[in-house]
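Remarks on the structure that follows.
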Amino acid sequence: IPNVNSNFTLGTKGDDVEAVFKAIAQNDRPNVTVRGPVTIVERNDGKKIKVVNLVDEDERDEKLTLIQKSHESDNGDDIDVIIALNMFKEGANWKWLQRIFIVGFRQSLVELIQINGRLFRQANGKEKVSVYQLLPFALDQLNESLKDKLNSFLMNIIYSMMLLSTYNPVKVKLSERTTRENKNVSEN
């Protein structure tokens with residue numbers, strides 16, 4: 001969720017978490033049940049989504065233990081969603097993470113790299129990862145702040161594309177002619 005002092009928050013971190021619960025439930029009145037370190041959010045289709053809410057500091061140690069236990073398990077069935085404010089960007093491990101939704105502007109590219117880095121833990125059956133960065137500005141804003149934010153946003157996209165190429169390189173077959181030409185150039 002966004003930083004509570006940013007322009008992107010809905011008011012309080014509780015308001016932002018409630019908005020996430022509504023999005024998960026796919027309705028404005030989510031059925032939410034807290035069971036120890038896990039919050040169960042029931043979707044419109046009846047499916048129950050297991051959420052670890054790190055924004056709420058109650059039972060913090062139990063939540064962290066659950067995440068670590070899930071990380072070490074052979075499947076990620078204990079947890080479907082983790083909601084975090086800042087905690088999940090540094091040193092967090094949950095190899096089952098497949099999607100990140102970044103809400104609001106982040107202050108540095110390093111922070112975005114740390115957040116995205118959480119995705120690249122190997123897990124059985126994990127075939128792809130996704131990053132969703134919600135645009136932190138309106139396109140009609142024309143000022144230096146917008147330029148800086150847009151530049152950081154585009155750097156994050158390029159960084160993500162470079163990582164994709166690193167982990168899933170594109171193989172290019174060179175023709176025999178291209179190979180000979182390159183050899184001749186290197187010999188000169």
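The values are calculated or read from the model by the stated rules, or taken from the named source; none is laboratory data. Treat the numbers as computed from the prediction; the structure is a model and nothing was measured. For neighbour counting, all protein chains shown are included, and Cβ atoms are generated from backbone atoms with ideal geometry for every residue, glycine included. We work out accessible area using only protein heavy atoms, side chains counted, and drop any ligands, DNA or RNA first. Shrake-Rupley method; radii C 1.70, N 1.55, O 1.52, S 1.80 Å.
For region 11-83, which GluC sites (Glu not before Pro) are in a loop by DSSP, counting at most 15 other Cβ atoms within 10 Å?
Details: sites: Glu18, Glu42, Glu57, Glu59, Glu62, Glu72; in loops: Glu57, Glu59.
Here the sparse-neighbourhood loop sites are Glu57.
Check each of the trypsin sites (Lys or Arg not before Pro) in region 29-90 and keep only those in coil by DSSP with at most 16 other C-beta atoms within 10 angstrom; list them in order. List each step's numbers first, then the result.
Working: sites: Arg35, Arg43, Lys47, Lys48, Lys50, Arg60, Lys63, Lys69, Lys89; in loops: Arg43, Lys47.
Sparse-neighbourhood loop trypsin sites (Lys or Arg not before Pro): Arg43, Lys47.
Rounded to the nearest whole Å², what accessible area per residue is found for region 1-60 with the 1.4 Å probe?
Working: 3520 Å² over 60 residues.
Here the residues of region 1-60 average 59 Å² of exposed surface.
Once the other residues with Cβ under 10 Å from the Cβ of Val81 are scored (Lys, Arg +1; Asp, Glu -1), what is the net sum?
On the way: positive: Lys50, Arg99; negative: Asp80.
Overall, the nearby charge balance is +1.
Mind listing P(r) for region 7-157? All alpha-carbon pairs, 10 Å bins, whole percents.
10, 36, 37, 15, 3
For region 1-91, what is the convex hull volume of the alpha-carbon atoms per residue, in Å³? Don't skip to the answer; put the middle values down first.
On the way: hull volume 9.1 nm³, N = 91.
With only Cα atoms used, region 1-91 gives 100 Å³ per residue.
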